[in-house]
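Written below as structure tokens is the structure these notes are about.
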Amino acid sequence: MFSLTGMKALIVGIANDQSIAYGCARALKEQGAELAVTYLNEKAEPHVRPLAEALGAEIILPLNVATEGQTEAVFEAVKERWGRLDVLLHSIAYCPVEDLHGRVTDCSRSGFQVAMDISVGSFLQMVRLAEPLMAGGGTCMTVSYYGAEKVVENYNVMGPVKAALESSTRYMAAELGPKGIRVHALSPGPLMTRAASGIAHFDQLLNDAADRAPTHHLATIEDVGAYAAFLASREAANVTGGVHYVDGGYHIVA
């Protein structure tokens with residue numbers, strides 16, 4: 001139904017072959033997009049580079065958004081290589097473990113600032129840098145979770161953080177819509193990813209989600225990737241600002 005042939009896509013957040021970002025990268029590639037892929041640091045590179053190379057990524061660069069200048073360097077490399085960008089996928093989040101495992105009430109100021117900066121502020125920065133490269137329009141996507149909307153046990157401070165991410169998505173969609181730039185938040189159900197493994201009692205959360213979801217199936221990275229590929233397509237040019245649930249209907253169940 002749609003093709004991404006010739007589109008240029010920047011994928012931020014692949015940690016391994018179980019990452020949501022990897023599922024999205026693979027789906028975009030299968031529909032014809034050309035990829036740029038980042039990895040967090042030297043420790044992550046051996047896990048990410050082979051995946052990026054297997055996907056034929058034309059740009060493979062380090063990106064730790066907490067390191068001054070690295071984000072700008074990645075977008076400058078995209079500009080030099082391609083001259084434009086059609087798709088941005090932001091799939092990174094972080095909170096210090098001592099704050100992640102505690103009550104929201106007890107979250108330290110510094111921990112909250114770190115979580116907001118890496119999980120939300122980095123998306124704002126990337127969209128801002130992507131804007132001049134999307135002169136002909138484009139699609140920017142981030143990854144959220146149902147804990148932004150409802151209280152999910154053990155999700156703790158990441159709930160307010162993801163709520164800020166979803167609100168930012170709506171505001172940027174409104175601001176950039178006249179330029180043909182769409183902004184989306186993908187909201188998968190719980191998936192066993194490296195990032196999610198830091199949440200306390202996550203196995204129980206997975207089991208509960210499968211039991212409660214109308215389909216009785218957890219989402220997969222392939223499910224998320226298929227949806228992301230559609231949103232990146234020209235056929236979705238009039239869709240923007242949404243939180244797109246890919247969770248087997250879990251979010252509709254009381």
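Just to be sure, is Thr139 crowded, with 16+ Cβ neighbours inside 10 Å, in contact with a strand residue (DSSP E or B) (Cβ under 6 Å, 6 or more places away or on another chain), of a type in the set (Val, Ile, Thr) and not in a helix (DSSP H, G or I)? In short, yes.
Taken across the stretch 52-63, residues that are among the acidic types (Asp, Glu), touching a residue at least 12 places away in the same chain (Cβ under 8 Å) and closer than 27 Å to Gly180 by Cα do occur, with at least one present. Within the stretch 102-125, residues that are farther than 12 Å from Ala164 by Cα and in contact (Cβ under 8 Å) with a residue 24 or more places away in the chain have Cβ atoms under 8 Å from residues that are buried (at least 17 other Cβ atoms within 10 Å of the Cβ) and polar (S, T, N, Q) in these pairs: Gly102/Asn156; Arg103/Asn156; Val104/Asn156; Cys107/Asn156; Ser122/Thr71; Gln125/Thr71, counting only partners at least 6 apart in sequence or on another chain.
Filtering the stretch 68-95 to residues that are within 19 Å of the chain's Cα centre (by Cα) and either of a type in the set (Lys, Arg) or in a loop (DSSP other than H, G, I, E, B) (or both) leaves Leu85, Asp86, Ser91, Ile92, Ala93, Tyr94, Cys95. Cβ separations smaller than 6 Å between residues 6+ apart or across chains give no pair from the stretch 155-167 residues that are among the charged types (D, E, K, R) and part of a loop (DSSP other than H, G, I, E, B) to residues that are modelled with pLDDT of 95 or more and surrounded by fewer than 19 Cβ atoms within 10 Å (Cβ to Cβ). Here Gly225 passes the criteria (1) of a type outside the set (S, T, N, Q); (2) part of a helix (DSSP H, G or I); (3) under 19 Å from the mean Cα position of the chain (by Cα); (4) modelled with pLDDT under 90 except the one numbered (4). The sole residue among Leu191, Leu205 that is at pLDDT below 95, surrounded by 15 or more Cβ atoms within 10 Å (Cβ to Cβ), touching a Ser or Thr at 6+ places or on another chain (Cβ under 8 Å) and not aromatic (Phe, Trp, Tyr) is Leu191. In this structure, Ser119 qualifies as surrounded by 21 or more Cβ atoms within 10 Å (Cβ to Cβ), modelled with pLDDT of 95 or more, in a helix (DSSP H, G or I) and not basic (Lys, Arg).
Please verify whether the stretch 25-40 includes one or more residues that are farther than 22 Å from Glu222 by Cα and either part of a loop (DSSP other than H, G, I, E, B) or more than 18 Å from the chain's Cα centre (by Cα) (or both). For the stretch 25-40, residues farther than 22 Å from Glu222 by Cα and either part of a loop (DSSP other than H, G, I, E, B) or more than 18 Å from the chain's Cα centre (by Cα) (or both): present. When the stretch 31-63 is filtered for residues that are surrounded by fewer than 16 Cβ atoms within 10 Å (Cβ to Cβ) and touching a helix residue (DSSP H, G or I) at 6+ places or on another chain (Cβ under 8 Å), the ones remaining, listed by number, are Gly56, Glu58. Please work out which residue is surrounded by the fewest Cβ atoms within 10 Å (Cβ to Cβ), limiting yourself to the stretch 16-30 and to residues that are among the hydrophobic types (A, V, I, L, M, F, W, C) and farther than 12 Å from Ala52 by Cβ. Per the criteria, the residue is Ala27. Among the residues of the stretch 205-225, the ones that are of a type in the set (D, E, K, R) and farther than 21 Å from Val151 by Cα come to 2 in all.
The values are calculated or read from the model by the stated rules, or taken from the named source; none is laboratory data. Treat the numbers as computed from the prediction; the structure is a model and nothing was measured. Quick reminder, even Gly has a Cβ in these numbers, built from the backbone with ideal geometry, and neighbours come from all protein chains shown.
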